[in-house]
Amino acid sequence: VSAKDLATNKQQQITISASTNLTKDEVERMVKESESNAAEDHKKREEADARNNTEHLIYTTEKTLSEHGDKLPSSEKAAIEDAVAKAKKAIEGSDVEAIKKASDELMKASHKLAQVMYEHATASDTPQDPGAADSSSGGSSYKDSGGAPTSGDDVVDAEYRDIDDKN
């Protein structure tokens, strides 16, 4: 690589070269070792991924359970807590299949939690009187579908003509 300062016409040059203290035999030996350990590395990666996914699922399930557990029946809550405990026990070991099985059980239990949460949210969002308008908003009220104004609004349908336009 060289550089030249145009104002002073000074030029500097540097050479970059790869330097290694390894012989070709050592490099080949290292490549063979990495290839022979590839299967074991893959197993460790799979275990780490399963463990990380399960830990994340445990965390999110515990958080959701602490926030919304009071909306669940006690039997459902106990089943979810049991699934969390099994998952925690599974990640203490190194059996990938046991970790995945515990994660799947926890996933099914957490789906029940989500289902109850959404049912509760849907029930609380449904208005008791669907024709009632929200007078606290200060704006005009609209029906849930179509966006058309309700009959109680002062809406005037009129035509107009521009006077400057002599048509």
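The values are calculated or read from the model by the stated rules, or taken from the named source; none is laboratory data. The structure displayed is predicted, hence computed values, not measured ones. Heads up, the Cβs are rebuilt from the backbone with ideal geometry, glycines too, and the neighbour counts pull from every protein chain shown.
The requirement of being polar (S, T, N, Q) and in contact with a Leu (Cβ under 7 Å, 6 or more places away or on another chain) is not satisfied by T60. The single residue among S75, S94 that is closer than 30 Å to S124 by Cβ and out of contact with any Cys (no Cβ under 6 Å at 6 or more places or on another chain) turns out to be S75. When you look at V96, is it β-branched (V, I, T) and under 26 Å from the mean Cα position of the chain (by Cα), yes or no? Yes; evaluated as a whole, the condition is true for this residue. Applying the condition of being modelled with pLDDT of 75 or more and among the hydrophobic types (A, V, I, L, M, F, W, C) to the stretch 119-148 and asking which residue is surrounded by the fewest Cβ atoms within 10 Å (Cβ to Cβ) yields A123.
Here K10 meets the list (1) within 39 Å of the chain's Cα centre (by Cα); (2) at pLDDT below 90; (3) among the charged types (D, E, K, R) almost entirely, failing just condition (1).
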